[in-house]
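Following: one structure in structure tokens, then a few remarks.
The values are calculated or read from the model by the stated rules, or taken from the named source; none is laboratory data. None of the values given here were measured: they were computed from a predicted structure. Cβ atoms come from the backbone with ideal geometry, glycine included; neighbour counts cover every protein chain shown. The protein model used for the area step is the full one, side chains on, heavy atoms only, and it has no ligands, DNA or RNA in it. Shrake-Rupley method; radii C 1.70, N 1.55, O 1.52, S 1.80 Å.
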Amino acid sequence: MLTQTKNNINWHLAELCIDVSKIVYEEKPEVVKFLKDNKIKHSSVKFFEKDNAQGYGIVMPDYVIVAFRGTEGAQIGDLLADIKAWPAGADTTGTVHSGFKHELDKLYPEVIKWLGKKLTTKKIVITGHSLGAAMATICATRFHQLGADLELYTYGSPKVGDRAWGEQFKDITAYRFVNNNDLVTRVPFFGYYKHVGQIQYITYDIHIKTKVTRWQRFKDRMKGTGKAFSKFQFFDGLYDHFGNQYINKIKTRK
């Protein structure tokens, strides 16, 4: 697992990004309403869409947020089935999951055009949940190659690229949130693809850990499963993937 050694996470951004990652599942009027209702200063909101791939760009005083919409409903089954999981050239270095790359490629030209000079003159914050997290992670490497000052915040991300591609994250500020038994964070299930960024692992009792061994995570998942069963939640691996779970636990962390 490739991780950063420092935990200088900006919790304000982490909370804002999970909120944004959830609201981007809605249409533009709802996104604008959310920003206004929460008194989040912004000058413009841009909706990107092509062939069922969607995302938003939000210009704020200190940075620009680029957020990608993730999977919904039955589409989660496609993630678990590793649809189009064969490797493809990443356009930077190494290889990435071709299905995730294909989804980003649909939107990337429009996103770059919209950003224009802002790509290198403003700080860029990239975020997403589920498939949106995978798209955001690939996007971060491309923006980094173009000289952007960026941070990446992902929630419930599947594994995205190979080890050579992941080496880029030694120079990219990236925080990857994993909620206890979230099953999507373990796909693709075979070992070719690796996770990147500094893990922010949410334990079953809502602590956030940046250093956890496989054995510690296994024990914690078992405790989470037991807690879920006591509440008659028999699909804990999917339940833990929902965006609301990430929002609630990040904001009530101990």
Starting from segment 192-214, take each residue that is more than 22 Å from Gly161 (Cβ to Cβ) and list its partners that are open to solvent by less than 40 Å² (accessible area, probe 1.4 Å) and charged (D, E, K, R), counting only C-beta distances under 6 angstrom and pairs at least six apart or across chains. Ile202/Lys249; Thr203/Asp220; Tyr204/Asp220; Ile206/Lys249
Filter segment 39-55 for residues that are within 16 Å of the chain's Cα centre (by Cα) and either modelled with pLDDT under 95 or assigned to a loop (DSSP other than H, G, I, E, B) (or both) and give the result. Ala53, Gln54
Mind counting the residues in segment 54-71 that are touching a helix residue (DSSP H, G or I) at 6+ places or on another chain (Cβ under 9 Å) and charged (D, E, K, R)? 1
Given Tyr153, Tyr175, Tyr204, which one is of a type in the set (Phe, Trp, Tyr) and more than 12 Å from the chain's Cα centre (by Cα)? Tyr204
Within segment 143-158, the residues that are under 12 Å from Thr127 (Cβ atoms) and open to solvent by less than 10 Å² (accessible area, probe 1.4 Å) are Leu152, Tyr153, Thr154, Tyr155, Gly156, Ser157
Lys170 passes all but one of the listed conditions (1) touching a Gly at 6+ places or on another chain (Cβ under 7 Å); (2) surrounded by fewer than 21 Cβ atoms within 10 Å (Cβ to Cβ); the exception is number (1)
Scanning segment 144-171 for residues that are of a type in the set (A, V, I, L, M, F, W, C) and under 27 Å from His241 (Cα atoms) gives Leu150, Leu152, Val160, Trp165, Phe169
Being touching a Phe, Trp or Tyr at 6+ places or on another chain (Cβ under 9 Å) and among the β-branched types (Val, Ile, Thr) is the filter; apply it to segment 8-56 and report the residue that is nearest to Lys106 (Cα to Cα). Val24
Any residue in segment 83-104 that's within 19 Å of Lys50 (Cα to Cα) and touching a residue at least 40 places away in the same chain (Cβ under 8 Å): show its pairings with residues that are of a type outside the set (A, V, I, L, M) and buried (at least 16 other Cβ atoms within 10 Å of the Cβ) at Cβ separation under 7 Å, as long as the two are six or more apart or on different chains. Leu104/Cys139
Hey, which of the strands (runs of 3 or more DSSP E) in segment 65-177, taking only ones fully inside, have at least 2 residues that are at pLDDT 95 or above and either of a type outside the set (Lys, Arg) or in contact with a Pro (Cβ under 9 Å, 6 or more places away or on another chain) (or both)? 95-97, 123-129, 150-155
Within segment 210-229, identify whether any single residue is assigned to a helix (DSSP H, G or I) and β-branched (Val, Ile, Thr), and answer yes or no. yes
Boolean, Ile58 is under 16 Å from the mean Cα position of the chain (by Cα), modelled with pLDDT of 85 or more and crowded, with 19+ Cβ neighbours inside 10 Å: no
